[in-house]
Structures are given as structure tokens and as C-alpha cells.
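Notes follow once the structure below has been shown.
No lab work stands behind these numbers, since they all come straight from the coordinates. Being a predicted model, the structure only gives us computed values, none of them experimental. All Cβ positions, glycine included, derive from the backbone under ideal geometry; neighbour counts span all protein chains shown.
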Amino acid sequence: MMPTAATAFSDTDLLQLARDVLLDAGFALEEIDGEPRIILAENRFFLVAIAATATIEQLLMAESLTESILALRLSENDVGAKMWDAYVVLLTQERSLENESTARALYQINYDTSRVRRIAHDAVFPTIAGVRAALAPFVAPREIAEPSVTTDPLVLLREELKNRGVSEDLASRAVSAFDQGASLADIL
């Protein structure tokens, strides 16, 4: 069977990454077969229907099907307060140019709250970090076990001033004065 222009094909890489991110975040998942494939994800806070397509055009076509599946799930089950936290999430790796009609269409999807909330992301990198960023509203931020800056910021400031051509003496006086709350005039 030849694909038609009105068919939205799944981006299996993005969808698998979304599945991994949501499983790691504690969501229960259900996959809906078809084109595009859709993942229904639920935790105690959210009910999310996710589709990932190869192109923005396909993403636009997948929006109504994804929304319909989520609306059907909402009508069939008592989801309680999650009724107000149900989302359609649409992902694609393709980047929209700001002057394109597709950019306007993505904007319209993101601001259409007529039945459920929608989030459409273009230019999603096919990495855990890229998909995690796209799904950020639904996953808790990762805690960093170790501070990312282990050097004293004032030492870093002194080194940066020296790297930019400030003399050792002036850099040291400037950082000391800054540390004590002095103004730039007091330093010079």
C-alpha cells in the first residue's frame, strides 16, 4: 500500500525516547497502534497522549487523531481531577522556520485549549535530553548530586578579569572590593 499525503508516519526514535523518559518518571503507559502510533501516559497528576511524527505537516495531521483518542479516554474513564490536566503532546524533529505557515499552525495548536491542552514541539533532538526537555512540564527535574560549580565564583571572577587583560593587582582589588560591597569608583 502506497503512503498518501494525508498519512502521518510516526517517528519511532522520538516515540521510543518519550516512552523511556515517561517510564523513568513513573508514568503508566499504553501504546495505541496505527499511524501515527500514540502513547497514552498517566500518573497521579497527568493524562498525556503523545504522538511523534517525521514532519511538521504530519504533526499537524496527527493532532486531531491524538486529541480524539485522549478525549475518548477521558469520556470512558473516571479520571477525577486529571480531567483538567490532560494534554496532547506532539513532537517532531523537523524545525519550523518562523516565517512559514507551519510556524503559525504550531502556534495555533499550542494556544488551542478548546477541549484539552496541546503542546506541539518542533526541532526536538532525538536524545533523552531533547525529549526530556520537550516533556519537561510532566517530569520532575533531575536533582544534581554534586554542585556543578566547585570553584569559588570570586576566584573564577579574578581569573576571568586577568584573562581579559586586567592586571593581577587590579583584578585582586576589584574582586576584594566587590566581595565587600564596594562600588566600581572605590576600586579605581
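About the centre of its Cα atoms, the chain shows a dipole size close to 280 debye [charges on the beta carbon of Lys, Arg (+1) and Asp, Glu (-1) only; nearest 20 debye]. In terms of other Cβ atoms within 10 Å, R173, R37, R118 run from fewest to most in the order R173, R37, R118.
Think of region 1-133 as having a plus end and a minus end, set by charges on the Cβ of Lys, Arg, Asp and Glu; of G80, T12, A49, G80 sits farthest toward the positive end of this dipole. A Förster distance of 41 Å, applied to the separation of the beta-carbon atoms of D152 and D24, puts the FRET efficiency at 0.75. Put simply, the amide H of A120, placed in the peptide plane, has neighbours under 5 Å in L90, N110, leaving out anything fewer than 5 places away on its chain.
The orientation-averaged projected area of the convex hull spanned by the Cα atoms of region 32-82 comes to 3.7 nm². Counting neighbouring beta carbons within 10 Å and listing from fewest to most, the residues E67, E98, E30 come out as E98, E30, E67.
Once both labels are positioned 7 Å from their Cα atoms along Cα-to-Cβ, the gap between W84 and A71 label points is 2.2 nm. As a proxy for reagent exposure, ranking F27, F125, F46 by other Cβ atoms within 10 Å from fewest up yields F125, F46, F27. Proximity of backbone amide H atoms, modeled 1.01 Å from N, is registered between S10 and R37 at under 5 Å, excluding neighbours fewer than 5 places apart on the same chain. Highest mean first, the peptides 133-140, 50-57, 101-108 sorted by other C-beta atoms within 10 Å per residue fall in the order 50-57, 133-140, 101-108. In order along region 106-113, the phi-based Karplus estimate (6.51 cos²θ - 1.76 cosθ + 1.60, θ = phi - 60°) of 3J(HN,Hα) comes to 5, 4, 5, 4, 5, 10, 8, 10 Hz; Gly and Pro are listed as x.
Note on R142 and T127: the model spin-label points, each 7 Å out from Cα along the C-beta direction, lie 1.1 nm apart. Rounded to the nearest Hz, the phi-derived 3J(HN,Hα) couplings of region 32-44 under the Karplus curve 6.51 cos²θ - 1.76 cosθ + 1.60 (θ = phi - 60°) are 9, 6, x, 10, x, 5, 10, 10, 9, 10, 9, 10, 6, where x marks glycine and proline. Adding -39500 (n - 2.57) for every DSSP H run of four residues or longer, then dividing by how many residues the chain holds, sets the calculated 222 nm ellipticity at -12500 deg cm²/dmol. Of E42, E168, E63, which has the largest mean-square fluctuation in a 10 Å C-alpha GNM of the chain? Judging by the Gaussian network model, the answer is E168.
Debye-formula intensities of the chain, expressed as log10 I(q)/I(0) at q = 0.19 Å⁻¹, are -1.24 (one equal scatterer per alpha-carbon, no solvent). Once you sort the root eigenvalues of the Cα gyration tensor of region 81-126 as a ≥ b ≥ c, which label holds: rounded (a/c under 1.5), prolate (a/b larger than b/c) or oblate (the other case)? Oblate is the answer for region 81-126, as a/c is 1.5 or above yet b/c matches or exceeds a/b.
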